[in-house]
Every structure is written in C-alpha cells, then in structure tokens.
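Bear in mind these aren't lab numbers, they're just calculated from the coordinates by the rules spelled out. The structure displayed is predicted, hence computed values, not measured ones. All Cβ positions, even for glycine, are placed from backbone atoms using ideal geometry, and neighbour counts span all protein chains on display.
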Amino acid sequence: MGCSQSWLAVKGMTRETVLKSLGLRAASDRRNSQIEAAELPTGWYLVVGDQSEQPILGEEAARRLSHDSDVIIGEVEEHVMVSMAAAWREGFQLWSVLHDAQQDVEHLESSGDLPAEYESIREQLVLQQTAAGGRNAQVDFLFDVPVELAFRLTGYRYDTDLPGAHFEPLGTVAISLPTWWKRLLGR
C-alpha cells in the first residue's frame, strides 16, 4: 500500500475562518471523516484530506485563503511516487516544487522564488539518489524534496507523528437548498 494525501496549511487566519472558507465543519465521527485538521505547534493550521488532488484543498482554496494569510499546500501519491508543495500569498503562487517519478525518477520541477532551504534539501537528496544508483536505484529519494521543504516551513510531514497536535475530524457543510429547488430535485 501507499499513502495518498492532500493538505493545506494556513498561517495568520483563525480555525473558524479557515473552516468556513473551505466549507468544512467539525464532525462527530472520525470513522467516516476523510478530512481532519489540527493546530500545529509551529502556528500553522493544517487541513488534511485522505487522498491526493482533493479539490477542496487545492490551488483555488490556496488562492482564496492567501488573500489574508500565508498558505502552503502539498500532495503525496506514493502509489506512483508523485509529491508536490507550493506556497501562496496575496492570491498569488510564490513558488512550487513537483516530483513525478512517472516522468523520471530524477524528475524535479521547481518555479518561483524558492525558500532558502530548498537548495540544501535538493542537493542532499540528489546526492543520495546518485549514491543509490541514480535512475537505476530501487529507491526514490527525490520524492522527499517537496515533502521535506514543506516540513521545514510548516512543521508538517505526512509520514511522521506530530507531538502536540490534536486532529479533529471534519465534514463538509451541508448546502441548504431553497424549497423550490428541493421540490425540483425531489428532496
């Protein structure tokens, strides 16, 4: 098996404002929840979905939320070894980093004004990939470039425990339809 996950971290906005903007609410049952959230010890508010490419946690949400805060989004899809991280501020993407092993195990695509941490992370993991056999290696170290960069900035890494973070299950807000729509839809 492998992990498939999307997440969004917001700094500078209250939990309530983030949830309202995303159309989410606290849920009572963790078993049926595909989305969870937690305040991170680093000051970021994290919302995590249990599959990659969750539209509710993607670029449009990042654009909207970043008008009033800093936002970092990320995705991992271990089944095909794809990882991504990107930062947003004032409605614009500041930077992004993508690794897609389907293109090439050594694939790494970056754009924008990358954080200072990026270069040292990239160099270290490229060296490890080379030492393991480069394209012929049985391991994919470059998958961790976006993951590690986001971790250093937010304190969240999808595959580690988060001491001090208490996750709460979330659900989507039910849309209340006007009576005439209910009749039309037979509800």
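Work out how much length V80 to S21 would gain on full extension: take 0.36 nm times their residue separation and subtract the Cα-Cα distance, in nm to one decimal.
That works out to 18.1 nm of additional length.
Going by amide H atoms built from the backbone, whose H comes under 5 Å of the H on I35, apart from near neighbours?
L170
Find the centroid of the Cα atoms in region 94-130 and in region 27-69, then give the distance between the two in whole Å.
Going from one Cα centre to the other spans 24 Å.
With a 10 Å radius around each residue's Cβ, average the other Cβ atoms per peptide and rank 67-77, 149-159, highest first.
My ranking of the peptides, most packed first, is 67-77, 149-159.
Consider just the alpha-carbon atoms of region 4-185 and return their Rg together with their Dmax, both in angstrom.
Gyration radius and largest Cα-Cα distance of region 4-185: 17.9, 66 Å.
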